[in-house]
1. From the list Met47, Met59, which one is assigned to a loop (DSSP other than H, G, I, E, B) and at pLDDT 95 or above?
2. Can you tell me which of Met1, Met54 is assigned to a loop (DSSP other than H, G, I, E, B) and either free of Cβ contacts under 8 Å to residues at least 60 places away in the same chain or not hydroxyl-bearing (Ser, Thr, Tyr) (or both)?
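The values are calculated or read from the model by the stated rules, or taken from the named source; none is laboratory data. Note that the structure is predicted; figures quoted are calculated from it, not measured. Neighbour counts are summed over all protein chains in view; Cβ atoms, including those assigned to glycine, are modelled from backbone coordinates with ideal geometry.
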Amino acid sequence: MQGGELLQVHKSLLCLMAANGLSVQDVELLRPYAEYIEIMAQGNKKMYAEAVMMERYHMGRTAIKTMLLKMEQEIKM
């Protein structure tokens, strides 16, 4: 499969993602976000969860907040 074919097959999904401020690179946020949710579900404080993300994934506070906004936003169809 060539790049153009891949884009054509997934055109509607990619357009939906772009319209909602998501990029293909955001797939890299799935693991840290799942871990963040797990830490919070254990009853830990937000500051602790952020500290873990900063240490394990070398993310700054702004990157963490951006991750949360992207992962928790409602998608407009």
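1. Met59
2. Met1
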